[in-house]
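The values are calculated or read from the model by the stated rules, or taken from the named source; none is laboratory data. Fair warning: this is a prediction, and the values are worked out from it, not measured in the lab. Methodologically, a virtual Cβ is constructed for each residue, glycine included, from the backbone with ideal geometry; neighbour enumeration extends over all protein chains shown.
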């Protein structure tokens, strides 16, 4: 909608009764490097996983390259709220202030898809049709790196890298292989091309997981605690590769506990607490001059 | 009749026994292939996210299928199918499709549960990694999850194959035909020859038992070979 590469709007995520995200909005521009910090349980991984729909948000919208990846959230669109029967009824009952009514409808979750009339349904459908993008197409353009690497155990390193681009017909097998070998060369693991993941060290696995994503020529890379499962001596090699990626201009969103990496690489640091973004700013702003009590506490415990 | 005479009689009939063993193996092989295909399809339906109504209905069908098939004796299933929906196959000049389909349907229910347990045992991160690269759910299943699930369930699948090979002996309850000529499976042949030469009945039964045992031992050897080859990508 705006010029952002990724935009999340009013994201809520419930796991049963547990509220993990409580209204998160944020936009990420092309080329930006974002580091997301926060205590465990603050919702930072869930937010990241919502960006490529590995988790489906309960409410809210996720936008990628101007396309909507989630269903339309009517509460985010005033014109849709205004078209609803609920809104018209409230107004006809003599509630004069439209703004108040919209706020009330949002707050009390008053819209019920099936009872809002034809105009509402038409607007919802039209908006969806105009902006919706299939999640698989979006994911093919977003790389993701996991805490536990998640290399495909039944495939060799090279097959891990070429599977998706070839299956999705983005590249021929030859092109994909050439690209994969070039990337393996850059991380010095060409000799591992025909090895199975179980023979690799944690650091090697994670570097290969990163270049596996790069094989898809992604527009953005999402990192979900990429160094948390590594032995300490292997953290450096993975962070180095991520820094090289950042220097090459990749858009990156990194959920991590590596404060040093955040200081060095981040354009912007998001601090999450209790399912909301409690603080957002440059590393200097967030680390040296935190505004909220929670951020101060968190930083004093990790710095 | 001395024991040597009985063995001589058995030797005389070796061609017929060999043919009946072949028939038993053919039925078992066909049923294993069919059962495996049914098993994979049912397992995938059972494990699929129940997001759309079609999957929900298919899941209900799969659950019912597995419950009914696992809850009734194989012989009863064979006889019911033989005299009902497979009746047109029964009347064909070669009616081997009847036992193959009946045993395949039976084995499919067991295979489904075996493969489903294998799929559940695969780390959920594997599916997430596949999906995060833009692969569809079904492609990720096909290329990543099911190969790993089958690998972990090889011993259990072979267990089911071995049971099935022996279970085919109940086929002697129905009339088998090849090119309109009546044929017998291994147990059926031992019984038929035993009726003709009652003194040799026990020898024929023992001989059939030995042949079944030999087949099962060969299958076990094959299982170990496959397990060894699949282990290669762990080292």
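Things to note:
- In the stretch A:114-139, the residues that are in contact (Cβ under 8 Å) with a residue 24 or more places away in the chain, over 16 Å from residue A:79 (Cα atoms) and in a loop (DSSP other than H, G, I, E, B): A:133
- The set of residues from the stretch A:259-277 being in contact (Cβ under 8 Å) with a residue 60 or more places away in the chain and touching a helix residue (DSSP H, G or I) at 6+ places or on another chain (Cβ under 7 Å) comprises A:259, A:261, A:262, A:265, A:266, A:269, A:271, A:272, A:273.
- Within the stretch B:91-126, tally of residues that are in contact (Cβ under 8 Å) with a residue 60 or more places away in the chain, over 19 Å from the mean Cα position of the chain (by Cα) and in a helix (DSSP H, G or I): 2
- Where residue A:150 falls short, out of the listed (1) in a loop (DSSP other than H, G, I, E, B); (2) loosely packed, with under 15 Cβ neighbours inside 10 Å; (3) at the interface with another protein chain (Cβ under 10 Å from one of its Cβ atoms): (2)
- From the list A:157, A:220, the one residue that fits, being within 20 Å of the chain's Cα centre (by Cα) and away from every other protein chain (no Cβ under 11 Å), is A:220.
- Residue within the stretch B:156-164 that is more than 20 Å from residue B:42 (Cα to Cα), buried (at least 18 other Cβ atoms within 10 Å of the Cβ) and modelled with pLDDT of 95 or more present: yes
- Where helices (runs of 4 or more DSSP H) fall wholly inside the stretch A:1-113, the ranges with 1 or more residues that are closer than 30 Å to residue A:295 by Cβ are A:44-51, A:98-108.
- Within the stretch A:192-204, being out of contact with any helix residue (DSSP H, G or I) (no Cβ under 6 Å at 6 or more places or on another chain), surrounded by fewer than 22 Cβ atoms within 10 Å (Cβ to Cβ) and more than 11 Å from chain B (Cβ to nearest Cβ) holds for A:200, A:201.
- Selection status of residue A:162, within 13 Å of chain B (Cβ to nearest Cβ) and at pLDDT 90 or above: yes
- Top-ranked residue in the stretch B:98-130 [being within 13 Å of another protein chain (Cβ to nearest Cβ) and in contact with a strand residue (DSSP E or B) (Cβ under 9 Å, 6 or more places away or on another chain); ranked as surrounded by the fewest Cβ atoms within 10 Å (Cβ to Cβ)]: B:128
- Extreme residue, surrounded by the most Cβ atoms within 10 Å (Cβ to Cβ), among residues of the stretch A:106-138 that are within 14 Å of chain B (Cβ to nearest Cβ) and under 19 Å from residue A:7 (Cβ atoms): A:138
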